[in-house]
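This report concerns only the one structure given below.
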Amino acid sequence: MTGLIIAIPSKGRLQDNTHAFFARAGLSVRQPGGARNYRGRLAGFDGVEIAFLSASEIARELAAGTAHLGVTGLDLVHETIAKPDTAVHIVTPLGFGHANVVVAAPASWIDVNTMADLADVASAFRARHGRRMRVATKYVALTRGFFAAHGIADYRIVESAGATEGAPAAGTAELIVDITSTGSTLTANDLKVLDDGVILKSEAHLVASLAATWSPEALASARAILDRIAAEERARGVREIRALVAAPEFTARSAAEQYGCVAPFGTQVGQPLLLHCPAEHAADCASLLREHGAPHVSVTTLDYVFGTANPLYDPLSAKVGG
Ligand SMILES: Nc1ncnc2c1ncn2[C@@H]1O[C@H](COP(=O)(O)OP(=O)(O)OP(=O)(O)O)[C@@H](O)[C@H]1O
Ligand SMILES: O=P(O)(O)OC[C@H]1O[C@H](OP(=O)(O)OP(=O)(O)O)[C@H](O)[C@@H]1O
Ligand SMILES: [Mg+2]
């Protein structure tokens, strides 16, 4: 197999947003045979295979090099992969799947609000009960690293695959480490996040494997796909502005200095001036153009902006030797 394998979530919270993300970039994921078929294709890319996996399997496959690219949460990258910096390359954050991995204690523990408080309680707990405080979690590696960094050794991990927030009430653990976004599951279980208890702020990312075999064909496909993704990302940040002004070159320079606009197709007297303007400055730039005599200014959103650089592919190819 010399092609490119892209692993995307087949279920769970990241699935729908991942499909939407590829669709925005004009990339259509095909799953012949329906949701139970775990291999698919990318329309128009013969050398690309899609592997539908759970988000945690995707992190494992990237580390093992059995997928080249994958969509997964940063929490899973750091939990599943021992040395993420050497095993994977983070291509880009995707703007969805925001959640924090946190240390939470029963709300009734009014004297415990920080990790330092927890360190005190851990020692006292062992002295009083003759056993170590228990932490329920599926984030074993993240928990070990974070507790060690806070000098806490008097605890034991109870591995929990699901419904972790229920462990303290069920009497199977004193504390939990889990992922949360709205916090409603923690609240419903009478748990509170410690003030300095955020272990990791997570978000879905496009991640590349440094362990996979990057054939020339795989690199070529990655280059084309990342070019489209980068063009869509770039387009989202800019607005196209058009106006007829008397001195387009002078006006373009003012817009560049004040708002960071560019005139990608140059300027020509008698022709409408076309600018790409950072989205947040579009209205101010429209005012500037009217001050420069433009009777009408149109502002539009763009689908793609391609440039000479491929900002997502270039750093990857530098690492995998393309
Ligand atoms: N409450 C949440 N809010 C936002 N993102 C979340 C939340 N819970 C999980 N995520 C993100 O989605 C990723 C996958 O979680 P999800 O629950 O969808 O997977 P799963 O289907 O439970 O997978 P698995 O069975 O392998 O654990 C998490 O690792 C995290 O990055
Ligand atoms: O902060 P909240 O918005 O309340 O979300 C937190 C919950 O979301 C996740 O579970 P999920 O619903 O994905 O179920 P799972 O445990 O089966 O993966 C996580 O494990 C928490 O239990
Ligand atoms: Mg979940």
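Since every read-out is calculated from the coordinates, none of them should be taken as a lab result. Computed from a predicted model, the values in this text were never measured in an experiment. Quick reminder, even Gly has a Cβ in these numbers, built from the backbone with ideal geometry, and neighbours come from all protein chains shown.
Points to keep in mind about this one:
- Leu62 within 15 Å of His205 (Cα to Cα), crowded, with 19+ Cβ neighbours inside 10 Å, in contact with an Asp or Glu (Cβ under 9 Å, 6 or more places away or on another chain) and hydrophobic (A, V, I, L, M, F, W, C): no
- In region 81-91, the residues that are in contact (Cβ under 8 Å) with a residue 40 or more places away in the chain and under 16 Å from the mean Cα position of the chain (by Cα): Val88, His89, Ile90, Val91
- Any hit, region 124-134, residues being buried (at least 16 other Cβ atoms within 10 Å of the Cβ) and part of a strand (DSSP E or B): yes
- Residue that is nearest to the chain's Cα centre (by Cα), among those in region 162-178 that are within 16 Å of ligand 3 (Cβ to nearest atom) and either in a helix (DSSP H, G or I) or of a type in the set (D, E, K, R) (or both): Asp178
- Entry remark, region 139-156: residues being more than 27 Å from the chain's Cα centre (by Cα) and either crowded, with 20+ Cβ neighbours inside 10 Å or in a strand (DSSP E or B) (or both) number 3 in total.
- Every listed requirement among (1) within 16 Å of ligand 3 (Cβ to nearest atom); (2) surrounded by 17 or more Cβ atoms within 10 Å (Cβ to Cβ); (3) of a type in the set (D, E, K, R) is met by Glu159 save one, (2).
- Among residues of region 1-30, those that are within 15 Å of ligand 1 (Cβ to nearest atom) and surrounded by 19 or more Cβ atoms within 10 Å (Cβ to Cβ), counted: 7
- Among residues of region 287-306, those that are within 16 Å of Val262 (Cβ to Cβ) and without any contact (Cβ under 8 Å) to a residue 60 or more places away in the chain, counted: 2
- Residues (small (Gly, Ala, Ser), more than 16 Å from ligand 3 (Cβ to nearest atom) and farther than 13 Å from Leu206 by Cα) located in region 1-24: Gly3, Ala20, Ala23
- Counting the residues of region 107-123 that are touching a residue at least 60 places away in the same chain (Cβ under 8 Å), surrounded by 16 or more Cβ atoms within 10 Å (Cβ to Cβ) and of a type in the set (Val, Ile, Thr) gives 1.
- You will find that of Ala119, Ala107, Ala67, Ala127, the residue that is aliphatic (A, V, I, L, M) and either under 15 Å from Leu206 (Cβ atoms) or touching a helix residue (DSSP H, G or I) at 6+ places or on another chain (Cβ under 6 Å) (or both) is Ala67 and no other.
- Yes/no for Asn113 being closer than 24 Å to Ser184 by Cβ and either within 16 Å of ligand 3 (Cβ to nearest atom) or assigned to a helix (DSSP H, G or I) (or both): no
- Residues being in contact (Cβ under 8 Å) with a residue 12 or more places away in the chain and either under 16 Å from Met115 (Cβ atoms) or more than 16 Å from ligand 3 (Cβ to nearest atom) (or both) - total across region 179-196: 7
- Residue check, Thr251 surrounded by 14 or more Cβ atoms within 10 Å (Cβ to Cβ), farther than 20 Å from Phe22 by Cα, in contact (Cβ under 8 Å) with a residue 24 or more places away in the chain and polar (S, T, N, Q): yes
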